[in-house]
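Asker: I have a structure I would like to understand better, so I am pasting it below and will then ask my questions one at a time.
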Amino acid sequence: MKKTTLVFSLVREQSNFMTIVISILTFLSVLAFGIALSIGGGVMRWNNQWEKYATVQVTNLDNTKMIQKIFETHSDKIESVTEISKSEMTERMKPWISSGAKLNNYLPQMFEIKLKNASDMDFMKREISTRAKFLTHTSAVKTSMNAGLKLVGITTFVLMIMLISIGLCVSHISRNIAMLHKHELEILNQVGATDKFIARQMQFIVGKISMVAATIGFLVAVPILLLILATAHSARVGLMATISLNGFDWLLLFMLPILIIIFSVYITQRTTLKILSEK
């Protein structure tokens, strides 16, 4: 394999500045992308966790036997039925109701059901809702899910800003480098070097810098991302406890620095050729 010979190179200040800028932007990009993937996966797992559950509230106790008969009739669709005792309901409502002496007189009879298939939820709702309140757990956690989806949207937006910033920075730096080395570029043209040859020189230089910078940004971002996930899991409740990264997510996250390197090289080629065409 023939080794590429560089005709010119960047001065230390130029290399250091580009390395720092791309490292910081890669760090922020990996962090934003990792958070978006983990929250997105958490929202999906959170939804799948509750899509088979529902709560039946019998406010008219005369309908209790009829509701239990519906449970027995459609036992082939129901995996489990759990009656929530009044003491359990009182305990759950303590943070909102302090004086519970007469509370038992007003509490409905409640059952928590788990269906074998989420597709049967609408059918069971039609059967029960005429005699009792039928509340799906998915609808109860809808607010949390919407908040999670908004966070995914925000982090994705931040990621897009980071990628655009990388493109603008690389383009600006490449343009400045080309202008600083204008004399060398003119000499190369005079000795017969094509614009593509000169662009490849710039691509090779920026590619090496981007590779080092993207690696640094990725290695710094990963421990912080793991710390964020560990902190979320320590909550042990709600949507926060479900966010995590699987193997495919880590693969996508690993591909992001590679994409940034390729993107930087492409922007460098495009900027350099544009400047050379303006001579």
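Asker: Sort 244-256, 30-42 by packing, meaning the average of other beta carbons within 10 Å per residue, with the highest value first.
Answerer: The peptides rank, most packed first, as 30-42, 244-256.
Asker: Using 0.36 nm per residue of separation minus the Cα-Cα distance, give me the extension gain between residue 44 and residue 246 in nm, one decimal.
Answerer: Result for the pair: 71.4 nm of gain on full extension.
Asker: Okay, moving on. Rounded to the nearest 0.05, what FRET efficiency do residue 215 and residue 277 give with R0 = 45 Å and r taken as the Cβ-Cβ distance? Could you check?
Answerer: Rounded to the nearest 0.05, the efficiency is 0.85.
Asker: Evaluate E = 1/(1 + (r/R0)^6) for residue 263 and residue 226, where r is the Cβ-Cβ distance and R0 equals 22 Å; express this FRET efficiency to the nearest 0.05.
Answerer: 0.30
Asker: Here is a further query. Can you put 62, 195 in order of Cβ neighbours within 10 angstrom, beginning with the fewest?
Answerer: 62, 195
Asker: Residue 76 to residue 233: FRET efficiency via 1/(1 + (r/R0)^6), r the Cβ-Cβ distance, R0 41 Å, to the nearest 0.05?
Answerer: Working from the Cβ atoms, E equals 0.65.
Asker: Moving on. If a paramagnetic tag sat 7 Å from the Cα of residue 85 along the Cα-Cβ line, which residues of segment 105-140 would have the backbone N under 20 Å from that point?
Answerer: Under 20 Å, as judged by backbone N against the label point of residue 85, lie 105-113 of segment 105-140.
Asker: Note the full-extension length gain between residue 64 and residue 120 as 0.36 nm times their separation in residues minus their Cα-Cα distance, in nm to one decimal.
Answerer: Separation in residues times 0.36 nm, less the Cα-Cα distance, equals 18.0 nm.
Each reported figure results from applying straightforward, stated rules to the coordinates on display, with no laboratory input. What you see is a predicted model, and the numbers here were worked out from it, not measured in a lab. Methodologically, a virtual Cβ is constructed for each residue, glycine included, from the backbone with ideal geometry; neighbour enumeration extends over all protein chains shown.
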